[in-house]
Structures are given as C-alpha cells and as structure tokens.
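These notes concern the structure reproduced below.
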C-alpha cells in the first residue's frame, strides 16, 4: 500500500467509471483506485468519517472529481477540500462533460489543480485517462503526507 | 416783413410757456402769453395777434373749443390758430381740430429748429393772408365805388345818346347841353376835321398843353393827329385810326377803344367812342371818357391774385380762378402739377369735372355753386384721379367769391391742397390701431396693461378675456386696483414681484401658478414685461396669461404613464432574466447530461467491437459502425447547439477591427479545406469596422467556409469579398461564390438553427453556421441577407458599423 499510491475516482456514472477503469487497465499499472458515487461519500472518505471512519490513514495522490453529481456536487467537494488547511494540498483533477466557461473558471478559482473535459470519442477518452494517470501518479511529486502541515499551522 | 409777427402763446404749463416764449422771442417774434383759454380769447380780441399757438388741455376751456370760438367770430376769424399738443395727437383729435377750423398742428415734444421753421411758415401764411384780406377789402371797396361811377356814367351816356338823337333830329344842338357833360365830345366832318367840341373837351385840351391832344382843337384834323401818332408806332393809335375810318365809311355802326394815356398831369385810362352823326355829311361824334378809376380797381384785383398765388406757392397750394359767366378757368402751374397734367392746357370748369373722382363730384360742385350763388367762402374736400399715373389724390379746397360793384359774383377763386400723404398717414395709423386692437382682444389669452401703485396693481387696460376672469367687462375693469377686483393680497405681492423682476432683468418674466376654481384646479402660464412710463409718470407693465390646464394634465398623465411603463419594463426585464437563467440552466444540463450518454454509446460500442472483433459477422460490424457514426454526429450537434447558445450570452468587447486582416487570417485558417483546390480570391479593400473581433472572426469563418464548401464542384472556384455600400456610418459587406447556389424560395429557412438546403452526403455540416452569423451580426446591430440562384452561386451580405475614419 505504501509502495502503490491511491487514486480517488468520484463519479456518479457507472459507465464513466467502468470506461475509466477499462482505460487504466490498458496500462496494466498497479494503482489502487477507490471509486465513489457522489460528493457526500467523497467528503466522508476524505474526512475518514461515517462509513469510512475506519479506512487506512493517508490521502490519495490525486482525486479525479466529476462535477455533476447527486447530493453534494463536485464543486462543493472542491470548495470544502480547498478551504480546509489539512486537505487543501490534495491535488484535485476535475473530469467533466462540461466545457462551460463558468465551470472552468469556477473550479480554478476554488483551487482545482487541473480541469479535463471528458472527450467524446472513446479512443480519445482512453488516451486522456492514460495521460492523466501517468502524469499524476508518476511524473508529479505529491505533497508530503502530514509532515508540513504542522509546520504551516505553526507558522 | 416790416412789422414782427405777433404770436399769442396759450399754455397752462408755466415752464413750457416760458421755454416756448423764449424760443419765439429769440426768433424775433412779438410774443404774448396766456395761461387759460378765456384769457387767450380776450387777448385775441384786444390785441389781434397774427398767430395763436393754442394748447389743448387747459384748466378752463379746452383749446379746441377756443379755436372754434375764434373761427366763428367774424371779427377775429382770420387769426391763424395752431393747435399745439403732446397728447392730442391721434387722427380723431386732429379731425376735431379740423372741424374747429384750426389752421395747423404742432405735436409736442418738438425740436427747436423744426418748431421755429414751422412757426415761420405759419407766420408767413398769416402775413400773406392779412395782406390778401386787406387788398381784397380795398379792391372790393374801390370796385363798389367805381361801379357807382359807372352807373352814373351810363346814365350820362344814355343822356348823351338822347342828345345825339336830338342832334340828329335837329342840327340846333345847343353848345350848353354839350358843355354840361363831363364826357369830352367832339364832332368831326367827313375829313376828320373837328368842327364842334364841348367844354369838357376844350378844358381837357387846355389842361394838357404840349401833348398830342394839344392839336385837337376845333378846326384841327383829329384823324391827322391819330395818323401822326400811329406813324410814330403806337399800335393803339393805329387801331383808333382804322376804327374811325370804318365808322366814317359806314362799315361799322360804332367803335370803342380803351387806352392808357400818360398825360403830363396824371396817368389816366380813357375809353374812346366813335359814332356817326347820322346826317348825310358823313360827320362823326368822338367821345373821350376817363375810366382811370375802374382800371385801377382792376389792377388791384390782379395784384390780389398775384399775392394769393404767392401765398399759395409758400403753402404748396395750387391757385385757381373760375369765371362763373364764361366757365373759363385759370390755373397756376402747381394746379396742373397736382392734377397730374404734364403741361398747362386751356382749362375750363368742364375739364376740371373730368378730373374729379365721380363719387365726390356732386359734393364738390355743391360747395362751388354755393359760393357762386353768393356765399362768401367754402372749404371742402374731394378726390381726383390723375390722368398721368391713374393715382387717386385727396384734395382739400377753399373757394371764395369775387363780386362786382352790384354785389354780383363774377368769379370764384380759391386754392387746392394735396392732403393725400396726410390722409394716408391717418389711415395707416387707424390700420395700426385696428391690428393692435385685434391682437389685444384675441380670445383665449388674457392681456392687459397695469401700473404698480403703493403695493397694489392698477389695471389701465385689459382685454375682454382678462375682464371676464374677474367677472367684469374691459370698461368696468378700467382703472380698478387688483384689490378692488378681489385679488388676494399674497397674489398681488407675487405679481408685483414678477413685474419688478421683469424691469430689473430688462426681459419678460414667465411663471406658472394654479387656482382652485369651481372645485377643480386650473393652471396658468403668465408672462409679464416692463413697457415704459405712462402719462401719469408711473411705470407701466404688460401681462399675458394663458390657461395651460390641459397641457398640465397631459404632462401629469405622461409622468404617470412613464412611471407605469418603467414598472412594466422592470417586470419584463425580470421575466426576461428569469427566462434567461432557465435557458442557461437548460444549456448547462444539456452540456452535461446529453454528452454523457453519447460518450457511453461510443465507449461501449468500441469496447464491444474490441471484445468481439473476430467473432462478429461483417453485417454486425457494419451496424456497430453506424452506431458509432450516429453518436459522433449527435455529439457534433450538441457541441454546435452549445456554441450557438453561448454566442447569445457571451459579453461583447467592441473595438476597432481591421476587417481586411481578419479576412486574411480566416482564409489561412481554412487551409485544410482549401488544400488541393483551385480558388481565385478577389478581396477588395475593406474599411475598418467596430465590433467584437472574435465574434466577427466567427462570422467570416462561417461565410468563407460556406463559400469554399459550396464552390467545391467549380474549377476554378471564385470567391469575392467586398464592401458594396457605405451609408450613414454603416458598411455593407459581402462574400460571393460561384458555387452551387440554391433556390431563393428556401432562403427564409437558411438562418434557422440546423436548417440545411443540401443533403449531408452532398455537403457536410450541421446547419448552424448562418444561424450563428445572423445572431452575431444582430448583436452588432446589423442585418444579414442572402442572394442566390441554383448553380449561379451565392452572395451573403452583412451590414456592420464602420469605424469613424480619422
């Protein structure tokens, strides 16, 4: 677990989830993917509460977050995440069907680390997912878990 | 003038009297003054001034009345009366003066020079008239005396004729009888030798020794004496000689001749008469009669006429004379001039009647005939029509009779005076008065003139509309104070303030006010302005008031409507915003919810294809391909719809856009579509426009893409871009191709979303392009239209706002 990093995939569409996982499977990388169906579950997971109170400690290397979801939508999850000093360092990549300007700008303003429009064709979709995983899991250096936050809080 | 003209100045104003008197004295007139009408009248009777300068408004008797009294008293009627007034200047007043037979007018105030020159004219007229009167009286007296003499003479001649008769009957005529006659009598024989004389003849010859009569003694030849004088060149002597011979020969029954005779003793006129003696001897009787006195009277009359002519000349009058027996008339040059006759012509009474206006003829003749019948004088007016220019002139005339010794009228003489200009001025004044009166009285607007008196407002003159407002008539409102008319004190103060303000500002002042009248509020617009000081010395102001209640109500209504309208606009805007928000929400949901299933269809189709690659039949594989193509197409449609929707909502950033560069860029962007194609681009110089650059880019991208696409079957394709019209700051731009075109009857469908005129297998596309073009151009305030024909190409026109050229 410590050797392989976790990906948190939050999407209410089982088809999108399946297609995402299919794409990841093509690369045969051994990343742990946790899939959640809505924003409420995502927040519970991140705060280790309710159904996820007993989950192992540590935050995912990246959160792939859909916007339009039942209960708590992606924008709200992002807002809570980025306004919490303990969670704001967790990288969040928005993955959505919307290319509406208001969504793009809104997400960046709330502190999203990337914004990806789900491509229409399956081929492109697969390529995009592969690139994302490769970048966030291999190329990108994630923030150190827990180490700096006390320092920052103390400072 | 030997004696200074005497002028009586009647004026109740001491300072004016002193000033005028001093002016006159400085011009060497003898001035006397009076301060009341009756005092003046008494002075006229006592001291006989030549000219009276008569003020009108006097404390006791009005000047016009004084004038009338002077003119109706024969003793003093000849005094020249000049009305002098600063107030009595209207035509009516001057007419009153004319009726009172005033001789002239002087209007105050006057310039000293003008005044004195007018006074001088009046003085000269007074002087001339005086002279005329005197010579006329003298002439009449002498004529009367002479006619008595003539009557005596006639009697004598009658007697003499009886004597002649007796002489013819009997040769025994006693010398005594002849001698008793004052007439000089001589008898000539057939040879002209004087054979008998009476005592008067002999006395005359004796009294004038050395004259040509010296030779006319008894026994001398009378005809010889005449012949001598005739030979010396005296035409009268020649006439006399011829006359005598005619009587002697029996050719004439008698001969008479009047001739002047400058005797050594005195200047005389004689009448000579020659008659046959009546016997067979051929003898004739010569009588000489002294007619000097009659001749002198005639000369006086001529002098009188001459003076009259001179006076008339000075007064710009024409002088005429009418012989009532012969109806011959004599005119001076000014008469001809006045009557528009280019040169003097023989004048008769009949000719004169032709020149008088037919309507005035009867009246003028009545006056003339009254004078001819023995009335002394007449003053009258009539019109003439001038033959030279057809103009009508107003004439004033005076006529007076000339009597002979028996009191018979022989002539009527008089003057004519052209008063056309005077009359015209009077009429113009009346016309002006009428115009102003009409304006003043025009209904619907209250007008009036007021004076400010001790915090109150004195109404000097008001029109009927204003009077009606106070429940009065203009007459009963005159000289009423506003407080008497029932105007509240606060209102009087307010009006007074506005009047004063208009004087201070030197301009009219307008204000609005309202009154509650008959349980409704009425609004008024008043304008007041300072006029000038009135005769009372108080300042006068004019006012105008207009009822603007209707306008006010309309204004209020308009305001109410505006408020309502604004409210409605707000409501509509709110509704519009709501609809817009709903639309945005719809679009948002479409962009998310419509895309996801499409992606899933595509994803799962591909996954299915991958899973079953080798196991599916060719037919099944083709079905999978159709599903993939359809979903891709659907995906494109959704994207276009979203971009179209975005176009309507995106904020515009207007700048100056260099259209030519924008077109070039667009053509470069089309490289993929144009690669391998033969396209001739004709791009005219394009002016810069005002607009959102990225939106305009999209317009031209769509238009050029269409042009390239629909000209695909052409080789070479021709695409033209230009500006066809510039007007009122707008340019019309077009993109024209020689492509497949279309039937214009479908043109109306072209700008709808997803409307297409070609099948997808002919020309690709979703049909969103022109809809986008129209939406963008409309947002820029412009228009889009299209011209096309099947196989003849297409031209799309757009209008865009031109950038102001610098």
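The values are calculated or read from the model by the stated rules, or taken from the named source; none is laboratory data. Since the structure is predicted, the reported quantities are computational estimates derived from the model, not experimental observations. Here the Cβ is made from the backbone with ideal geometry for all residues, glycine too, and neighbour counts use every protein chain on show.
For the stretch B:433-455, which residues satisfy the criterion of being assigned to a helix (DSSP H, G or I) and either more than 16 Å from the chain's Cα centre (by Cα) or modelled with pLDDT of 90 or more (or both)?
As a first pass, look at the stretch B:433-455 and keep what is assigned to a helix (DSSP H, G or I): B:433-441.
Those that are assigned to a helix (DSSP H, G or I) and either more than 16 Å from the chain's Cα centre (by Cα) or modelled with pLDDT of 90 or more (or both): B:437, B:438, B:439, B:440, B:441.
Screening the stretch A:97-118 for residues that are assigned to a loop (DSSP other than H, G, I, E, B) and surrounded by 16 or more Cβ atoms within 10 Å (Cβ to Cβ) and picking the one that is farthest from the other protein chains (Cβ to nearest Cβ) gives A:113. Only a single item in (1) surrounded by 14 or more Cβ atoms within 10 Å (Cβ to Cβ); (2) more than 14 Å from every other protein chain (Cβ to nearest Cβ); (3) out of contact with any strand residue (DSSP E or B) (no Cβ under 8 Å at 6 or more places or on another chain) is not met by residue B:540, and it is number (3).
Conditions (1) modelled with pLDDT under 85; (2) surrounded by 14 or more Cβ atoms within 10 Å (Cβ to Cβ), marked per residue:
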position: B:626; (1), (2): no, no
position: B:636; (1), (2): yes, yes
position: B:647; (1), (2): yes, yes
position: B:652; (1), (2): yes, no
position: B:663; (1), (2): no, yes
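Could you tell me which numbered condition residue A:78 fails, if it satisfies all but one of (1) part of a helix (DSSP H, G or I); (2) within 14 Å of chain B (Cβ to nearest Cβ)? Answer for residue A:78: the failing condition is (2). Flag: residue B:321 does not match the condition of being assigned to a helix (DSSP H, G or I), at pLDDT 85 or above and under 45 Å from the mean Cα position of the chain (by Cα).
None of A:111, A:106 is more than 18 Å from residue A:6 (Cβ to Cβ), at pLDDT 90 or above and out of contact with any strand residue (DSSP E or B) (no Cβ under 8 Å at 6 or more places or on another chain) except A:106.
Kindly indicate which of B:758, B:748 is in a loop (DSSP other than H, G, I, E, B) and either outside the structural domain of residue B:638 (by TED's automatic domain parsing) or without any contact (Cβ under 8 Å) to a residue 60 or more places away in the chain (or both).
Working: B:748 fails: in a loop (DSSP other than H, G, I, E, B).
B:758 is the lone residue from the list that is in a loop (DSSP other than H, G, I, E, B) and either outside the structural domain of residue B:638 (by TED's automatic domain parsing) or without any contact (Cβ under 8 Å) to a residue 60 or more places away in the chain (or both).
When we screen B:587, B:578, B:605 for residues that are more than 30 Å from residue B:444 (Cα to Cα) and without any contact (Cβ under 8 Å) to a residue 12 or more places away in the chain, the only hit is B:578. Taken over the stretch B:34-64, the criterion of being crowded, with 17+ Cβ neighbours inside 10 Å and out of contact with any strand residue (DSSP E or B) (no Cβ under 8 Å at 6 or more places or on another chain) is satisfied by B:41, B:62.
Okay, residues lined up against (1) in contact with a helix residue (DSSP H, G or I) (Cβ under 7 Å, 6 or more places away or on another chain); (2) in contact (Cβ under 8 Å) with a residue 60 or more places away in the chain:
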{"position": "B:63", "(1), (2)": "yes, no"}
{"position": "B:68", "(1), (2)": "no, no"}
{"position": "B:79", "(1), (2)": "yes, no"}
{"position": "B:91", "(1), (2)": "yes, yes"}
{"position": "B:132", "(1), (2)": "yes, yes"}
{"position": "B:139", "(1), (2)": "yes, yes"}
{"position": "B:144", "(1), (2)": "no, yes"}
{"position": "B:149", "(1), (2)": "yes, yes"}
{"position": "B:153", "(1), (2)": "no, yes"}
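Take the residues in the stretch B:586-618 that are away from chain A (no Cβ under 11 Å) and assigned to a helix (DSSP H, G or I), then tell me which one is surrounded by the fewest Cβ atoms within 10 Å (Cβ to Cβ).
Initial filter on the stretch B:586-618 (away from chain A (no Cβ under 11 Å)): B:586, B:612-618.
Going one step further and asking which of them are assigned to a helix (DSSP H, G or I), we end up with B:586, B:618.
Values: B:586: 11, B:618: 7.
Selected residue: B:618.
Which residue, of B:133, B:124, B:99, B:118, is farther than 23 Å from residue B:534 by Cα and more than 39 Å from the chain's Cα centre (by Cα)? Steps first, please.
Numbers: B:124 fails: more than 39 Å from the chain's Cα centre (by Cα); B:99 fails: more than 39 Å from the chain's Cα centre (by Cα); B:118 fails: more than 39 Å from the chain's Cα centre (by Cα).
That would be B:133, the only listed residue that is farther than 23 Å from residue B:534 by Cα and more than 39 Å from the chain's Cα centre (by Cα).
Taking the criterion of being part of a helix (DSSP H, G or I), more than 30 Å from residue B:805 (Cβ to Cβ), free of Cβ contacts under 8 Å to residues at least 60 places away in the same chain and away from chain A (no Cβ under 13 Å), would at least one residue in the stretch B:679-694 satisfy it?
At the first step, the residues of the stretch B:679-694 found to be part of a helix (DSSP H, G or I) are B:693-694.
Then keep just the ones that are more than 30 Å from residue B:805 (Cβ to Cβ); that gives none.
No, the conditions are met nowhere in the stretch B:679-694.
Suppose the filter is part of a strand (DSSP E or B), away from every other protein chain (no Cβ under 13 Å), in contact (Cβ under 8 Å) with a residue 40 or more places away in the chain and under 15 Å from the mean Cα position of the chain (by Cα); does residue A:133 pass it? Reasoning before the result, please.
On the way: part of a strand (DSSP E or B): no; away from every other protein chain (no Cβ under 13 Å): yes; in contact (Cβ under 8 Å) with a residue 40 or more places away in the chain: yes; under 15 Å from the mean Cα position of the chain (by Cα): yes.
No.
Of the helices (runs of 4 or more DSSP H) lying entirely inside the stretch B:31-111, those carrying at least 3 residues that are modelled with pLDDT of 80 or more are B:37-47, B:63-72.
Which one of these is assigned to a helix (DSSP H, G or I) and either closer than 30 Å to residue A:98 by Cα or more than 10 Å from chain A (Cβ to nearest Cβ) (or both): B:676, B:648? Steps first, please.
Values: B:676 fails: assigned to a helix (DSSP H, G or I).
Only one candidate passes the filter, namely B:648.
Considering the stretch A:16-57 alone, what residues qualify as being closer than 28 Å to residue B:608 by Cβ and touching a residue at least 40 places away in the same chain (Cβ under 8 Å)? Those that are closer than 28 Å to residue B:608 by Cβ and touching a residue at least 40 places away in the same chain (Cβ under 8 Å): A:16, A:19, A:20, A:22, A:23, A:24, A:26, A:27, A:29, A:31. For the stretch B:545-567, the condition holds for at least one residue, the condition being that it is touching a helix residue (DSSP H, G or I) at 6+ places or on another chain (Cβ under 8 Å) and either surrounded by 12 or more Cβ atoms within 10 Å (Cβ to Cβ) or away from chain A (no Cβ under 14 Å) (or both).
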